[in-house]
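K.L.:
One structure coming up, written as structure tokens, with questions to follow.
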């Protein structure tokens, strides 16, 4: 089973990201589960969302405490919440930031850690600072948990018309960004 934990802030679409990721996996013929965890929700408050993907039915229902991968939608959470708690050794981490991993103080992590300027990509493609779908494109490239084509189909299913097309294009840009930077040494990445 592949488990992803998404850390974000209220209004950044962490819950939607988990749902879209689960639909992409379902479209590939796999089992998937997505759900959020948050307290009294307000815009800007830290939130978590979870997604599990497997080739067999998923019977577990509790929050993901030992994620295989992390998505961090807001780099300020790196210093406010223990986002790395429970991450399996060598687990990949994707962070929304224009800064490189060394600048964020992440060079000591053992797994692949990459940054994507997801907010800037979102603004360029659809004019809103919502990094969720953009980061899913990067996650697809970093982990191979779903294909970028399945992700695009799930996005189109969730967002109709021009917004769906813009989100799909933004996700593909992040996918290409991560693929281009995937082979660089940790800490060397820059935009």
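Every number here is computed from the coordinates shown, using simple stated rules; none is lab data. Treat the numbers as computed from the prediction; the structure is a model and nothing was measured. Cβ coordinates were reconstructed from backbone atoms using ideal geometry, including for glycine residues, and neighbour counts include every protein chain displayed.
K.L.:
In a solvent-free Debye calculation with one equal scatterer on each Cα, what is log10 I(q)/I(0) for region 1-114 at q = 0.09, 0.11, 0.20, 0.23 Å⁻¹, listed in the order of the q values?
P.N.:
Each listed q corresponds, in turn, to -0.23, -0.35, -1.09, -1.33.
K.L.:
I would also like to ask the following. What is the diffusion coefficient of the chain in µm²/s, taking the Kirkwood radius over Cα pairs and the Stokes-Einstein relation at 4 °C with a viscosity of 1.567 mPa s?
P.N.:
80 µm²/s
K.L.:
Can you tell me the FRET efficiency between residue 108 and residue 61 if r is taken as the Cβ-Cβ distance and R0 is 35 Å, rounded to the nearest 0.05?
P.N.:
0.55
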